[in-house]
Structure formats: C-alpha cells, structure tokens
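Quick notes on the structure that follows.
The values are calculated or read from the model by the stated rules, or taken from the named source; none is laboratory data. The shown structure was predicted, so the numbers you read here are calculated from the model rather than taken from an experiment. Here the Cβ positions follow ideal geometry from the backbone for every residue, glycine too, while neighbour counts run over all protein chains shown. Ligands, DNA and RNA are stripped out before the accessible areas are found, and what is left, the full protein with its side chains, is counted by its heavy atoms. Shrake-Rupley method; radii C 1.70, N 1.55, O 1.52, S 1.80 Å.
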Amino acid sequence: MAFIQEEVKKLIQQYNSNCPFEIARSFGIIIQYGDLGDTLGFYLHDSRIKFININQYLHEILQRFVCAHELGHAILHPKANTPFLRRKTLFSVDKIEVEANTFAVELLIPDEKIYEYRNTNLSIEQIGEIYGVPEGLAHLKNFKNV
C-alpha cells in the first residue's frame, strides 16, 4: 500500500505536522467527542460535512490513533460512512479498515521517526508503541522507502 505512504508524506509536508487533529481541522472535518460505549470512534459524511467521532473516555494516546484512523477514512474513503471502530474490530481484515489502519500507522510513525531509532535494538512494535500505535498494528509500516 505504497500509495497510502505517499499520500501521508504529502500531507505531513503540506501541513508541516503529523498530528491527525491538526490535519483533520485543516480539512474542515469536525471532531466530536462523546460517550460511545465500546466504540472507539467512527467517521461520518453527511451533506458534504465530515465528522470524526471519538470516544471521550479513551486515553488521549488512543484518541490520537483513532483520530488518525478515522482521518484515513476521510481522505481515502471520503464518501463512505464507516462502521464503528471497536476494540474487537481494530484488527479487521476488511480492506477499508486495513487501509485506514495503514494510513494511521504511516501518519503516526513517519520515516523520520524510524530513522531516529535505526541504531537501537527496538522493534517496529516498540517504536510504534512510543508513538501511540496499538500493539499488533505497527507491522503495517511500509519499509520499502525507509
């Protein structure tokens, strides 16, 4: 999914940031917080208005990942109203969910962050944990250009 890595690189360069909240706001996406029960978050497109909904009870590190994941939907699947992201579906094999996870991983662990750890013994999972990527998802990082 090299096309996702290229899209993320362009966004980071354009907005001089890899913060999903900043980038979402720059796109005019409304970020809302609420009690979503066991739902982590979801993306909604309604009448040309885009919303990212995030569970207010999540730790801010997980909120950041959820925002990055839902931003992935907003950019890669702009017309889709995505299913709710739940803890049990975080590792979905559904194509659009894998793409959104890949987008989030690429955004939160850009190549420059990987370079910072090149002379350490840290695994990609450990580096991912440092940057808020849930365990088991850092393997989505594209290393072809790193």
Which pairs in the list Lys79/Lys141; Lys50/Lys79; Lys10/Lys113; Lys50/Lys141 are over 21 Å apart, alpha-carbon to alpha-carbon? Lys79/Lys141; Lys50/Lys141
Can you tell me the dipole magnitude for the chain around its Cα centre, using point charges on the Cβ only (Lys, Arg +1; Asp, Glu -1), in Debye to the nearest 20? 280 debye
Could you work out how far helix 60-76 tilts from the main Cα principal axis of the chain, as a 0 to 90 degree angle to the nearest 10? 80 degrees
Can you tell me the order of 112-124, 41-53 when each peptide is scored by its average per-residue count of other Cβ atoms within 10 angstrom, highest first? 41-53, 112-124
Ranked output for segments 31-37, 126-132, 67-73 by mean other Cβ atoms within 10 Å, highest leading, reads 67-73, 126-132, 31-37
Probe 1.4 Å, all protein chains present, accessible-area order of His139, His77, largest first: His139, His77
Kindly provide the helix-only [θ] at 222 nm of the chain, computed as the sum of -39,500 (n - 2.57) over DSSP H runs of four or more divided by all residues, to the nearest 500 deg cm²/dmol? -13500 deg cm²/dmol
Solvent exposure of the chain as accessible area per residue, Å², 1.4 Å probe: 54 Å²
